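S.K.: I am attaching a structure below and will ask some questions about it afterwards.
What follows is calculated from the coordinates using simple rules that are stated; it is not laboratory data. It should be emphasised that the depicted structure is a prediction, and the values quoted were computed from it without experimental measurement. For neighbour counting, all protein chains shown are included, and Cβ atoms are generated from backbone atoms with ideal geometry for every residue, glycine included.
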Amino acid sequence: MRTSSKLVVVDQQERVLLLDCTDPRAPGTRWAELPGGGIEAGEDAVQAAVREVLEETGVVVPATAVGPLLWTQTAAFTWRRERHVARHEARVARLDTAPVLQDVVLTDAEQGTILGQRWWTLQEVAGAAGRFFPRNLPALLPRLLAGERVDEPYDDWDEI
């Protein structure tokens, strides 16, 4: 089972960075997702999350800004017509200064899936009508930003 290490990146204005995503093989799908991804050989979870956030968003997150593990969940989902089961984990990373940006470097698989990114306020997330990954992100964010550890049960994201 693959482990995906994600970050709740928080800027100086308490906004959270989320990816705007779609499944190019499932027209009409759209969701907002925490940036992050798979841990590669030789990386720890923090290194993987920092690398993935940089690749997916261009935002430089210093490893020293990353806090402890706060969220875990095993989830099943269909992406590009293939069924996946992955262990997801997340940490909060607070940026002390304005975000430093570099070029976005999407993998072939991410191209067409990651449409862009946006900084969201907690109120915007709480009031949004769209889907999020993790599904319970609107309820999770205040708890995670308060430093609370949340281990969620298994979720089949395809079941709505």
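For every residue, the table says whether it meets (1) among the β-branched types (Val, Ile, Thr); (2) within 16 Å of the chain's Cα centre (by Cα).
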site: THR72; (1), (2): yes, yes
site: ALA93; (1), (2): no, yes
site: LEU101; (1), (2): no, no
site: THR113; (1), (2): yes, yes
site: ALA129; (1), (2): no, no
site: ASN136; (1), (2): no, yes
site: GLU152; (1), (2): no, yes
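S.K.: Taking into account only those residues within the stretch 55-78 that are touching a helix residue (DSSP H, G or I) at 6+ places or on another chain (Cβ under 7 Å) and surrounded by fewer than 15 Cβ atoms within 10 Å (Cβ to Cβ), which is farthest from LEU19 (Cα to Cα)?
M.R.: Applying the filter and picking the extreme gives ALA63.
S.K.: Residue under question is VAL60, and the condition is that it be under 14 Å from the mean Cα position of the chain (by Cα), under 23 Å from LEU141 (Cβ atoms) and not polar (S, T, N, Q); does it hold?
M.R.: Considered against the rule, which asks whether it is under 14 Å from the mean Cα position of the chain (by Cα), under 23 Å from LEU141 (Cβ atoms) and not polar (S, T, N, Q), VAL60 comes out as no.
S.K.: Then there's this: Collect the residues in the stretch 125-160 that are under 17 Å from ALA93 (Cβ atoms) and acidic (Asp, Glu), keeping them in residue-number order.
M.R.: Correct list: GLU148 only.
S.K.: Check ALA48 against each of (1) over 15 Å from the mean Cα position of the chain (by Cα); (2) farther than 24 Å from ALA129 by Cα; (3) hydrophobic (A, V, I, L, M, F, W, C); (4) not in a loop (DSSP other than H, G, I, E, B) and name the one condition it does not meet.
M.R.: Checking ALA48 against (1) over 15 Å from the mean Cα position of the chain (by Cα); (2) farther than 24 Å from ALA129 by Cα; (3) hydrophobic (A, V, I, L, M, F, W, C); (4) not in a loop (DSSP other than H, G, I, E, B), the one that fails is (1).
S.K.: On to the next question. I'm told GLY112 meets every condition in (1) surrounded by 16 or more Cβ atoms within 10 Å (Cβ to Cβ); (2) assigned to a loop (DSSP other than H, G, I, E, B) except one. Can you identify the failing condition by its number?
M.R.: Result: GLY112 fails condition (1) only.
S.K.: What's the total number of residues in the stretch 63-94 that are touching a residue at least 40 places away in the same chain (Cβ under 8 Å) and either among the polar types (S, T, N, Q) or not in a strand (DSSP E or B) (or both)?
M.R.: 6
S.K.: Given ARG81, ARG51, ARG30, which one is over 21 Å from LEU145 (Cβ atoms), among the basic types (Lys, Arg) and surrounded by 14 or more Cβ atoms within 10 Å (Cβ to Cβ)?
M.R.: From the options ARG81, ARG51, ARG30, the qualifying one is ARG51.
S.K.: Further question: If you check THR107, THR3, THR97, which single one turns out to be touching a residue at least 60 places away in the same chain (Cβ under 8 Å) and either touching a Phe, Trp or Tyr at 6+ places or on another chain (Cβ under 6 Å) or loosely packed, with under 15 Cβ neighbours inside 10 Å (or both)?
M.R.: After ruling out the rest, the residue left standing is THR97.
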